[in-house]
Structures are given as C-alpha cells and as structure tokens.
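Input: a single structure, listed below in structure tokens.
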Amino acid sequence: MPASLAGSWSALPETVRQRLALASTGWRHLALAGAQCLRLARAEGDADEKARLYALAADILLWAFGENPLSGPLAAEILSASDLPLSEAARAGLSAVAGRWRMPEAKESGLAYFERLAQRRDTPKLAEFLAAQVAKDPDGLFWREKALALALYSGEAELARALETAALEGLSAMPGLAPAARILSAQSAFLRRDAEFCLHELMSDLHPLQEAYGPAFAAARAGLALLAAGEDAAALPLLRDCLRAAPWQAALAQVATDAESGLRRQLAPVPGPALVLLYSWNKADDLDATLACLAASDLSCAGGGRARIMVLDNGSTDKTAQVLDAWAERLGDAFLRVDLPVNIGAPAARNWLAATPEAKAAETLIYLDDDVTLPPDWLQRLGAALRAHPDAGVVGCKVADHQAPHLLQNVAGHLVIPPEATSDRPDVDFQSLTPNPFRLCDAHLQGPDWGLFDFISPCASVTGCCHLFRRAAFDAVGTFSLALGPSQYDDFERDLRMLATGRAAVCQGHLRVRHRKRSGLAAQGSRGQEGDASSNAQGNRYKMQTMHSREEIAGFIAAQAQRLGEAAAGAFALLDRTGDPT
C-alpha cells in the first residue's frame, strides 16, 4: 500500500474513484460503490490485488451500514456476499439486524394505517402510532427504524426526542446491537448539538465500533462533530488518522483540507456594485421574513458600498404589495421593486430582473428565493467561494430544510446516469417519462448532514434557491429558458448550457441556507398544491431532458469526472504536504 494519502487514493480503481469523488456518503450511494469493488475483486486475477479490493469493498459497505445501522435489507444484502472478509463481530451485528428487521405482512399489523398517516403527513398521530408499535414489538427493528426516521424528518424537537427514546430503549441490550445503539445515540446528540455526549458515545470505547462499521467510521464522525463545534485544531489530527485508515474517503479529505487551509472560516466581499434579486407570488409572510434576515445581514461589497435589494412582485393578490411598501420605506434607495399585473412564471421573472438597468449596471447578481433564512455572513461566504474560484460560471451553496436543518435539499450538483438506464436506448426516447435519463447525484438525501459536504467544490449545477453570478459570466451563457415555465429545472437547464461554454459551477459548502419549502425526503407524502408542483416538475424535467443530447451529457460527465478527480487528488496531496501538526 502506498505510504502517502495521495498515493493510496490514486491506487484505487478509476471507476471506484469516480464514484467516490461524486460523494463519499449516502448509504445507498456507498452500497453501490462497495458492490462495484466486490465485482472488481471477484474478477481480479492477482491475489494481492484481489485481497486489497475485497478489503476495500468490506470497508465501504460497513461504512454504508454505519450510516443506516437498523436497515435489515442492507444488512441482509451485505451478508449475502459470503466471500466478503468480515470480522465475527461485524457478521454478528449484521445478522442481528437482518434477523430482527421484519416487515409486517398482514393488514392487521398496522402497516396500511401507517402508510395512510404517512401520506397525510399527520406527524402527531404517526408518532403516537409508532411509539405504540415499538412497545408491541420490542424485539423487532422494523418499527424502531420507522420511528427514528420520523424523528429525523419531523423537524419537531420534542417529538423527535420522544421517538428516539422509544426507538433506542433496550436496543443496546440486544445481542449484537450495542454498536448500533451507540451510533444512533451519538447521531441524536450530534443533531441536538451536544458535542460532548456525541464524542463520548463515539470514542469512549472505539474498538467495538471499528469492528462493526470499519476502522474509520466512528472516529470520522467524531472528527466531524469537533469541526461542527468549532474545534478545528482537535479535529484535524483525528481526521488524518481516519484518512490513513480509509483513504477512499474523498469528501473527508476535502473537508479536512478546507479546515487545514482556513477556507472553512474564510469570508470575502463580493465585487460591487451588487444586486440581490428576488421574485415572489402570494407568499407575503415568507417574503417579509426573508427580507428581514436579508436586511440584517452583511451586504458589504468590495470597494465599498452595500448590495442593493430588488424584488419583483409577480402579480400577487395577497398583502405582498403592503410588505414591499413597508420595506421600501425602511430601506430607501437600497430597495428597488418591480410590480407586474400577472404572474409570468419563474424563468421570465428571473430574466426580467436581469434585464433591468440596475442589474445591467451591476458587477454581481445574486438570486434568492423568497422563503429562505440566511446567516448574517451569507454573502461574504459566497464571496469567499468566488475568490477561490474566480472563473466560476455560478456560485451556489448548501440548501437545507427550514424545519429540520440537518436535512439537505441541495448541495454541489454532480451529473449521473441512473444504473437502470440502458445503453441501447435512442438518443432521446420520447416514449419514456425520462427521455434522456440524466439526473444529479442524490447522496445528500440519504441521511442527515454530518458535514461531509462542507467544502468548496466545483460541480455541474447549484440550486437557484441561492446562487451568485458575475454579470459577464451570466451574459456569456444567456437567460433562463422560458420553455421551463412556470417553474422548476430552469436553473438546472441554464447550468447545462453554462457547462457547454467550458465553465463550471462552484458550491460553497460552508454556507447553509434554510429553505421553508420542504423538498427531498422531508416532503415525502405531500399532496395538494405541492403535488401539483411535483407534476409540473416532472413535466419540466421531461422538457429539459429533450433539450440536451445523450452525447452532450456524456461529454459533461467526462469533464466533471476530471474536475472532481483533480479536486480529490489535490486535497490528498495538500494533506500530504502539510503533514500532521501533532
């Protein structure tokens, strides 16, 4: 095995590196990476390389299991690989979960009732039902897993603690499940920002957790918890040790690099003059709250002055006009408005804002959704990412659920082709709901945010919820497509056109913007207006996929693989150069 981190990373099979450079977290994503390693190991002829690939597959799969430690189907899938080199303790833990996770079959089991409640998103009744089911089946894991999932996605602290207590009660006493109980208890503490208890659970007796989830999983989570608590100096030696044990962890290397270099804490003003652009339709209260945190934030620009705010009222019929009147009086010349008599849709509203004389005279344009909560330094965070990547076509950030900010909605967007997409399909298959089936990697949706997206990263796309353009970079690509009205996917499609010009997006992983509209896993089960929006999104996804050929997307993915590979290799190399300060 190479002595350096960079050498260990480059020694991995190229296809595995490419997958792990997309993300090194997300239990489904990692399970696919582990399965990929397993296939390579089985096909390898050299005995030493075969053993190395088997060990790599085991480590990645155990890390995936650590991210979802009560998943019976995942445990059973890992156990089904009888040639996987697992310790007796690891097999015992996997067998305990696989054996105790039993999906109810009969209607009287309550599963149908649970599914109805989930569809209605009746959180209080769901919590009451799940607590009762756990009490009825204390030896099973199915209902415990569901209770923990609801605790994670509810965004209600008191309810979450009650569900966690019910789901974890007695778990540590079950044979083979003490490590899972500790991992889940540590996660609960991490999410409520109790770093001391989280670290105690992860590090007080490390060996059983290393046996269950691989040599670096628990210690890496401890290091990430230290970073989240602002203890960078204590975190870095621990993260280095983890990377020596798991040199496949590209994301962890980039997190550590940004902490080591100071980029994690760096702020910089954006080039001025700058203009913050919002459009809104019948969301007066959300808009008012967004403008309040926006006005209270640091809007200073390079060279002096502050960013101004421009809001387009997209034909609202509620009290939006009165909200804008109040903010115009409060902010004076720093506040601009556009009032339209009808709703022209999102892409047209974005284009209208960009075409105003004030926007044409600005050096920096920042689009914001009308239902976000911003940290005070949000604009300076975007400025730091722009300073690190001055040629970026667009700069975005992490976007999180407002109710449950540990749930991510968007991160650095990387293009992927789903595994189920067959190569013999036509270039654009109009008979399919996904005529050209590319999408963005969804690893960030597969569990809570432990900080493995906390680094500044090149990417294919960032969400339009909060994104920044240099005016020249905006004009080089052009406006948002009116074909994708009234909303959804217009930002993604424009980013694809940006990729065609040779520029990439950049995601500021050290900025988290909270979004009131629930999406991803937090929005599952929603109906009504949100369901209508989902139908519109599906229609616009279809249109977007017909606008770009399979060959073009393949070219974007090849360029992306090179960018991400260089970023990961650079992170490992920097850690090698700086050495261990201890």
| said: Let me confirm something: among D475, D490, D454, D442, which residue is free of Cβ contacts under 8 Å to residues at least 40 places away in the same chain and either under 19 Å from D371 (Cβ atoms) or open to solvent by 10 Å² or more (accessible area, probe 1.4 Å) (or both)? | reply: D475
| said: Condition first: outside any helix (DSSP H, G or I), at pLDDT 90 or above and surrounded by fewer than 21 Cβ atoms within 10 Å (Cβ to Cβ). Now tell me which residues in the stretch 506-550 satisfy that. | reply: R514, R516, M547, H548, S549
| message | Of the conditions (1) modelled with pLDDT of 95 or more; (2) open to solvent by less than 70 Å² (accessible area, probe 1.4 Å), R503 satisfies every one except a single condition; which number is it? | response | (2)
| query | Considering only the stretch 151-166, how many residues are without any contact (Cβ under 8 Å) to a residue 40 or more places away in the chain and surrounded by fewer than 20 Cβ atoms within 10 Å (Cβ to Cβ)? | reply | 6
| task | Could you tell me whether any residue of the stretch 87-102 is over 30 Å from R42 (Cβ atoms) and either polar (S, T, N, Q) or at pLDDT below 95 (or both)? | result | yes
| message | Take residues that are within 14 Å of A23 (Cβ to Cβ) and tell me which of the strands (runs of 3 or more DSSP E) falling wholly in the stretch 398-505 contain 2 or more. | response | 408-410, 456-459
| request: List the number of the failed condition for R192; all other conditions in (1) surrounded by fewer than 17 Cβ atoms within 10 Å (Cβ to Cβ); (2) modelled with pLDDT of 95 or more; (3) not polar (S, T, N, Q) hold. | output: (2)
| When residues of the stretch 4-24 are filtered for being part of a helix (DSSP H, G or I), surrounded by fewer than 20 Cβ atoms within 10 Å (Cβ to Cβ) and free of Cβ contacts under 8 Å to residues at least 60 places away in the same chain, how many remain? | 3
| field | Pair list, Cβ < 8 Å and 6+ apart or interchain, from the stretch 25-44 residues that are open to solvent by 10 Å² or more (accessible area, probe 1.4 Å) to residues that are among the hydroxyl-bearing types (S, T, Y) and outside any helix (DSSP H, G or I) | value | W27/S71
| query | Any chance the stretch 210-227 includes a residue that's free of Cβ contacts under 8 Å to residues at least 60 places away in the same chain and either open to solvent by 50 Å² or more (accessible area, probe 1.4 Å) or more than 30 Å from S10 (Cβ to Cβ) (or both)? | reply | yes
| field | Enumeration of residues in the stretch 394-422 that are modelled with pLDDT under 95, of a type outside the set (G, A, S) and more than 21 Å from G447 (Cβ to Cβ) | value | I417, E420, T422
| task | Give the residue that is nearest to the chain's Cα centre (by Cα), with candidates limited to residues of the stretch 241-271 that are acidic (D, E) and open to solvent by 30 Å² or more (accessible area, probe 1.4 Å). | result | E260
| request: Return a yes/no flag: does the stretch 169-187 have any residue that is at pLDDT below 95, within 29 Å of L226 (Cβ to Cβ) and either surrounded by fewer than 19 Cβ atoms within 10 Å (Cβ to Cβ) or among the hydroxyl-bearing types (S, T, Y) (or both). | output: no
| For the stretch 553-582, what are the residues that are farther than 22 Å from C507 by Cβ and either open to solvent by 30 Å² or more (accessible area, probe 1.4 Å) or of a type in the set (S, T, Y) (or both)? | A554, D576, R577, T578, D580, P581, T582
| request: Would you please name the residue that is surrounded by the most Cβ atoms within 10 Å (Cβ to Cβ), looking only at residues in the stretch 92-143 that are of a type in the set (D, E) and not in a helix (DSSP H, G or I)? | output: D137
| In this structure, does A253 turn out to be among the small types (G, A, S), touching a residue at least 24 places away in the same chain (Cβ under 8 Å), in a helix (DSSP H, G or I) and closer than 30 Å to N343 by Cβ? | no
| Which of the residues spanning the stretch 215-228 are assigned to a loop (DSSP other than H, G, I, E, B) and either in contact with a Gly (Cβ under 7 Å, 6 or more places away or on another chain) or modelled with pLDDT under 95 (or both)? | none
| note | Within the stretch 272-325, the residues that are of a type in the set (F, W, Y) and either in a strand (DSSP E or B) or surrounded by fewer than 20 Cβ atoms within 10 Å (Cβ to Cβ) (or both) are Y279
| message | For the stretch 287-317, which positions are among the charged types (D, E, K, R) and touching a strand residue (DSSP E or B) at 6+ places or on another chain (Cβ under 8 Å)? | response | R306, R308, D313
| request: Evaluate the following for A51: is it open to solvent by 10 Å² or more (accessible area, probe 1.4 Å), in a helix (DSSP H, G or I) and within 29 Å of E145 (Cα to Cα)? | output: no
| task | Give the residue, chosen from E231, E201, that is open to solvent by 20 Å² or more (accessible area, probe 1.4 Å), touching a helix residue (DSSP H, G or I) at 6+ places or on another chain (Cβ under 7 Å) and modelled with pLDDT of 95 or more. | result | E201
| request: Answer yes or no: is there a residue in the stretch 167-181 that is in contact (Cβ under 8 Å) with a residue 60 or more places away in the chain and either assigned to a helix (DSSP H, G or I) or closer than 15 Å to P124 by Cα (or both). | output: yes
| In this structure, does P208 turn out to be closer than 19 Å to E67 by Cα, over 23 Å from the mean Cα position of the chain (by Cα) and part of a helix (DSSP H, G or I)? | yes
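The values are calculated or read from the model by the stated rules, or taken from the named source; none is laboratory data. Remember, it's a predicted structure, so these values are computed and weren't measured experimentally. Neighbour counts are summed over all protein chains in view; Cβ atoms, including those assigned to glycine, are modelled from backbone coordinates with ideal geometry. The protein model used for the area step is the full one, side chains on, heavy atoms only, and it has no ligands, DNA or RNA in it. Shrake-Rupley method; radii C 1.70, N 1.55, O 1.52, S 1.80 Å.
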